[in-house]
Amino acid sequence: MIKTHGYAAQSATSAPAPFDYEHREPGPKDVHISIDFCGICHSDIHQARNEWGNAIYPMVPGHEIVGTVKQTGAQVTKFKVGDRAAIGCMVDSCRVCASCKAGEEQYCENNALVLTYNSRDKEGNITFGGYGENIVADEDFVLKVPSNLDPAAVAPLLCAGITTYSPLKHWKAGPGKKIGVIGLGGLGHMALKFSHAFGATTVQFTTSPSKVEDAKKLGADEVSLTKEPNWHAPHVGSFDFILDCVSAEHDVTPYLALLKRDGTLCTVGIPSTPIAIHAFSVAAGRKNFTGSAIGGIKETQEMLDFCGKHNIVSDIEMTSFDKLEEAWDRVVKADVKYRFVLDLKTLKSK
Ligand code: NAP
Ligand code: ZN
Ligand code: ZN
């Protein structure tokens, strides 16, 4: 077994604290990664605090993982010891259903998706994520990291990156399209970078006056401060697609009014409470309200390669394990520009 030291939440109300645990001994197709960096996703907080009602404790969060290969199983072909490697939100699936075969493992139809943490593997063991020294996973769920990119700033691409890249691709963001992004947090700032890189006209919606100038630098053609009166008036009926990246309860009705006929509002944000929509808001204009979850492994590698080619990484603020709780509280207050990344060297054992 691979003895590991990390940080775990033991209940919905206890802050993450030092915790020792084990990962499985690497099997023939497994890669053992020594973790160097892990991004802090708002989903870590939702789950550790049981805001989605699905928490399994002890919980070692973290699904934006970049590290160094320490050991490989005999049948591993993609990686060798010393390579940079990355892991995102999932580490296994059934691999035989239509979704898995289509490279959309996140939508596994056999209820066999194994998430990187807060999940159970095929043997029924709790999975532990990136807030710890090591991880072991089948190479089919391990990603290659472009060598030209800063590995710490790559970490958030493994969730915030793919979760925004995938729907923007699916709904064909590109030249001639007007795209909106709601919420300039970890996901939002990656959505903005990708939409801009794809050549779409991109409008950022934010509640934070302090982020307006940044949004322009990150690629927004226009920024709408949604605390201003009549903020939505100039944009009514003009968007092809809007990506909602907000973590907390908010009213989506004004955004549905901003869509063109047949336009789509897609939520990737997953607040803890249901989203209310009056039927009129979608009936008038035949509008679509939908959602999207992360992205498949093949598309995650495509996204990483795209980032390598276009020099795209996350804008990060490095943090340490002794400031973890403070970092979480700042994420909840929308006070991070734009993703915290844990440096695993700050774990006392490293
Ligand atoms: P984040 O960094 O905290 O960003 C959320 C942003 O939402 C904030 O920066 C803020 O942007 C805005 N916001 C916060 N509270 C708000 C409120 N009360 N009203 C309006 N806007 C508010 O979070 P994240 O890591 O990007 O994650 C965003 C959401 O996506 C979370 O719910 C997370 O669980 C979910 N998620 C889903 C998937 C998926 O596969 N679907 C994957 C990853 C994460 P402004 O300051 O600009 O207003
Ligand atoms: Zn995430
Ligand atoms: Zn499947």
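May I ask you to verify whether ASP329 is open to solvent by 60 Å² or more (accessible area, probe 1.4 Å) and in the same structural domain as ASP150 (by TED's automatic domain parsing)? Spell out how you get there, then give the answer.
Numbers: open to solvent by 60 Å² or more (accessible area, probe 1.4 Å): yes; in the same structural domain as ASP150 (by TED's automatic domain parsing): yes.
Answer is yes for this residue.
State all residues of segment 22-76 that are touching a Gly at 6+ places or on another chain (Cβ under 8 Å) and among the small types (Gly, Ala, Ser); if no residue qualifies, say none.
Of everything in segment 22-76, those that are touching a Gly at 6+ places or on another chain (Cβ under 8 Å) and among the small types (Gly, Ala, Ser) turn out to be GLY27, SER34, GLY39, GLY62, GLY73.
Determine which member of the set GLY53, GLY62 is at positive phi and open to solvent by 40 Å² or more (accessible area, probe 1.4 Å). Give the derivation first.
Numbers: GLY62 fails: open to solvent by 40 Å² or more (accessible area, probe 1.4 Å).
Criteria check complete, one pass: GLY53.
Quickly run through segment 167-211 and pick out the residues that are under 17 Å from the mean Cα position of the chain (by Cα), more than 19 Å from ILE316 (Cα to Cα) and open to solvent by 10 Å² or more (accessible area, probe 1.4 Å).
Correct list: LYS169, HIS170.
Please work out if ALA112 is open to solvent by 30 Å² or more (accessible area, probe 1.4 Å), more than 27 Å from PRO18 (Cα to Cα) and at pLDDT 95 or above. Working first, answer last.
Details: open to solvent by 30 Å² or more (accessible area, probe 1.4 Å): no; more than 27 Å from PRO18 (Cα to Cα): yes; at pLDDT 95 or above: yes.
Criteria not met by ALA112.
State whether one or more residues within segment 99-119 are within 15 Å of ligand 1 (Cβ to nearest atom) and closer than 20 Å to ARG339 by Cα. I'd like the intermediate steps shown before the answer.
Within segment 99-119, the subset within 15 Å of ligand 1 (Cβ to nearest atom) is 99, 104-108, 113, 115-119.
Within this subset, residues satisfying the condition of being closer than 20 Å to ARG339 by Cα are 116-117.
Yes, segment 99-119 contains a residue that is within 15 Å of ligand 1 (Cβ to nearest atom) and closer than 20 Å to ARG339 by Cα.
Give segment 251-283 a look and list any residue that's out of contact with any strand residue (DSSP E or B) (no Cβ under 8 Å at 6 or more places or on another chain), open to solvent by less than 60 Å² (accessible area, probe 1.4 Å) and closer than 21 Å to GLY186 by Cα, or say none.
Correct list: PRO271, THR273.
Just the residues that are within 18 Å of ILE126 (Cβ to Cβ) and open to solvent by less than 30 Å² (accessible area, probe 1.4 Å), please, taken from segment 34-50. Let's see the steps before the verdict.
Quick first cut of segment 34-50, residues within 18 Å of ILE126 (Cβ to Cβ) only: 35, 38, 43-44, 46-50.
Listed by number, the residues that qualify are ILE35, CYS38, SER43, ASP44, HIS46, GLN47, ALA48.
Could you look through segment 285-304, keep only residues that are open to solvent by less than 60 Å² (accessible area, probe 1.4 Å) and part of a loop (DSSP other than H, G, I, E, B), and pick out the one that is farthest from ALA197 (Cα to Cα)? Explain how you work it out, then say what you get.
Restricting attention to segment 285-304, the residues satisfying the condition of being open to solvent by less than 60 Å² (accessible area, probe 1.4 Å) are 285, 287, 290-297, 299-301, 303-304.
Keeping just the survivors that are part of a loop (DSSP other than H, G, I, E, B) gives 285, 287, 292-296.
Working: GLY285: 29, LYS287: 26, SER292: 20, ALA293: 21, ILE294: 19, GLY295: 18, GLY296: 21 Å.
The extreme case among them is GLY285.
Does VAL336 satisfy the criteria of being within 15 Å of ligand 2 (Cβ to nearest atom), open to solvent by less than 70 Å² (accessible area, probe 1.4 Å) and either within 23 Å of GLU104 (Cβ to Cβ) or outside any helix (DSSP H, G or I) (or both)?
Working: within 15 Å of ligand 2 (Cβ to nearest atom): yes; open to solvent by less than 70 Å² (accessible area, probe 1.4 Å): yes; either within 23 Å of GLU104 (Cβ to Cβ) or outside any helix (DSSP H, G or I) (or both): yes.
It is true that VAL336 is within 15 Å of ligand 2 (Cβ to nearest atom), open to solvent by less than 70 Å² (accessible area, probe 1.4 Å) and either within 23 Å of GLU104 (Cβ to Cβ) or outside any helix (DSSP H, G or I) (or both).
Out of ILE35, ILE65, ILE40, ILE87, report the one residue that is aliphatic (A, V, I, L, M), more than 16 Å from ligand 1 (Cβ to nearest atom), in contact with a Leu (Cβ under 9 Å, 6 or more places away or on another chain) and touching a residue at least 60 places away in the same chain (Cβ under 8 Å). Steps first, answer last, please.
Working: ILE65 fails: more than 16 Å from ligand 1 (Cβ to nearest atom); ILE40 fails: more than 16 Å from ligand 1 (Cβ to nearest atom); ILE87 fails: more than 16 Å from ligand 1 (Cβ to nearest atom).
ILE35 is the lone residue from the list that is aliphatic (A, V, I, L, M), more than 16 Å from ligand 1 (Cβ to nearest atom), in contact with a Leu (Cβ under 9 Å, 6 or more places away or on another chain) and touching a residue at least 60 places away in the same chain (Cβ under 8 Å).
Of the conditions (1) open to solvent by less than 70 Å² (accessible area, probe 1.4 Å); (2) within 16 Å of ligand 3 (Cβ to nearest atom), PHE128 clears all except one; give me its number.
(2)
For segment 74-99, give me each residue that is of a type in the set (Val, Ile, Thr) and surrounded by fewer than 17 Cβ atoms within 10 Å (Cβ to Cβ).
Taking segment 74-99 as the starting set, the residues that turn out to be of a type in the set (Val, Ile, Thr) are 76-77, 81, 87, 91, 96.
Across segment 74-99, the qualifying residues are THR77, VAL81, VAL96.
In this structure, is PRO28 at pLDDT 95 or above and open to solvent by 50 Å² or more (accessible area, probe 1.4 Å)? If you could, list the steps in order and put the result at the bottom.
Values: at pLDDT 95 or above: yes; open to solvent by 50 Å² or more (accessible area, probe 1.4 Å): yes.
For PRO28, the condition - at pLDDT 95 or above and open to solvent by 50 Å² or more (accessible area, probe 1.4 Å) - is met.
Take ARG120 and decide whether it is within 16 Å of ligand 3 (Cβ to nearest atom), among the charged types (D, E, K, R) and on the phi > 0 side of the Ramachandran plot.
Numbers: within 16 Å of ligand 3 (Cβ to nearest atom): yes; among the charged types (D, E, K, R): yes; on the phi > 0 side of the Ramachandran plot: no.
So ARG120 fails the test.
Please give the helices (runs of 4 or more DSSP H) falling wholly within segment 130-231 in which 1 or more residues are of a type in the set (Phe, Trp, Tyr). Outline the logic, then answer.
Details: elements: 151-154, 160-170, 186-197, 212-218.
Output list reads 160-170, 186-197.
Kindly check whether there is at least one residue in segment 239-255 that is assigned to a strand (DSSP E or B) and of a type in the set (D, E, K, R). Spell out the reasoning first.
As a first pass, look at segment 239-255 and keep what is assigned to a strand (DSSP E or B): 239-244.
Within this subset, residues satisfying the condition of being of a type in the set (D, E, K, R) are 240, 244.
Yes, segment 239-255 contains a residue that is assigned to a strand (DSSP E or B) and of a type in the set (D, E, K, R).
Filter segment 219-250 down to residues that are open to solvent by less than 10 Å² (accessible area, probe 1.4 Å) and within 16 Å of ligand 2 (Cβ to nearest atom), then give me how many there are.
2
The values are calculated or read from the model by the stated rules, or taken from the named source; none is laboratory data. Since the model is a prediction, treat every value here as computed from it, not as a measurement. Quick reminder, even Gly has a Cβ in these numbers, built from the backbone with ideal geometry, and neighbours come from all protein chains shown. Surface accessibility is based on the protein's heavy atoms, side chains included, excluding ligands, DNA and RNA. Shrake-Rupley method; radii C 1.70, N 1.55, O 1.52, S 1.80 Å.
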